[in-house]
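Written below as C-alpha cells is the structure these notes are about.
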Amino acid sequence: MNRICIALLLAALPPLACAQGFNYTFLEGGYQWFDFDTPGNVEGDGFVISGSLALTPSFFLLGGYEDGELDDFDVDIDSWRVGLGFHSPISEIIDLVVTGAVLNQEIGFSASGSNDDDAFDIGLGLRANLTDTLELNAGLNYVDYDDAGDDNVVSASLLIDIPDDFVVRLGGSWSDDTERTQYSVSGRLYLGN
C-alpha cells in the first residue's frame with residue numbers, strides 16, 4: 001500500500017527539468033568481474049547489457065541483463081531486472097534519482113540443476129556533472145530476495161564523455177550481506193535527448 005501511495009504522489013508532481021546535460025535514454029554494454037569474500041574467495045566474470053528510456057521529463061523505464069560465471073566452478077549466474085525510475089534536479093549539476101525494480105536471478109549448477117530467486121530492488125542515487133566530460137554517479141540500493149534474504153548495495157561510477165553521445169563508464173559496487181565486490185567497464189550510447 002505504501003508503494004502505491006508513493007508512486008501516486010510522484011506521478012502527481014509537475015514535470016521537472018533535468019539537471020544540465022543529463023539524458024535518461026541510453027543503451028549500455030560491458031564486462032564485469034566480481035569477488036565473493038567467502039571462504040575460498042570465489043571470483044567470476046561476465047557481461048552486462050542495460051538500458052533506460054525516458055518516458056516524461058521526470059520518469060524513465062530501466063532494464064538490464066547480466067550473465068556471469070564463477071571461476072574454478074561450473075556455476076552460471078544469470079539475472080535480469082526491469083523497473084521504473086524518477087529523477088529531479090537538486091542543483092544545477094546534480095540530479096536525485098529514485099528507482100524501483102523487480103529482479104530475477106538464476107544460479108545454475110552443472111551437477112544439481114539451478115536455483116531461481118525473485119527480488120524487489122529500491123534505489124536512491126545521485127548523478128553529478130563534475131565537468132563537461134566527467135560525470136559521477138553514486139547510489140544505495142536495498143534488495144529483498146524471496147529466498148536469499150535482503151542485501152544493501154553501495155555503488156559508484158565515473159562516466160567519461162567521448163564525442164557523439166558515447167561515454168565510457170568505470171563502476172564498482174559493494175554489498176554487505178552477500179559480501180560481493182563487483183567492478184565493471186562499459187560503453188554507453190545516449191539516444192535522443
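The values are calculated or read from the model by the stated rules, or taken from the named source; none is laboratory data. Note that the structure is a prediction, hence the values are computed from the model and not measured. Note: ideal-geometry Cβ built from the backbone for every residue, glycine included; neighbour counts use all protein chains shown. Heads up: the accessible areas ignore ligands, DNA and RNA and are worked out on the full protein's heavy atoms, side chains in. Shrake-Rupley method; radii C 1.70, N 1.55, O 1.52, S 1.80 Å.
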Item to complete: Net charge near H87: determine it from the other residues with C-beta under 14 Å of the C-beta of H87, scoring Lys and Arg +1 and Asp and Glu -1.
Response: -1
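With n ≥ 4 as the cut-off for DSSP H runs, can you work out [θ] at 222 nm for the chain, using -39500 (n - 2.57) per run divided by the number of residues, rounded to the nearest 500?
-1500 deg cm²/dmol
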Discussion item. Let me cross-check T99: its accessible surface, 1.4 Å probe, with only protein heavy atoms counted, in Å² to the nearest 10?
Written reply: 20 Å²
Response to the item:
Rounded to the nearest 10 Å², the accessible area of Y145 using a 1.4 Å probe with every protein chain kept is 50 Å²
Response to the item:
From highest to lowest solvent-accessible area (probe 1.4 Å; ligands, DNA and RNA excluded), T131, T181 read T131, T181
Worksheet item: With every protein chain left in place, what is the accessible area of E69 in Å² (1.4 Å probe, nearest 10)?
Response: 90 Å²
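With N set to the number of residues, divide the alpha-carbon radius of gyration of the chain by 2.2 N^0.38 Å and report two decimals. Working shown, then result.
Values: Rg = 17.3 Å, N = 193, 2.2 N^0.38 = 16.3 Å.
That ratio works out to 1.07.
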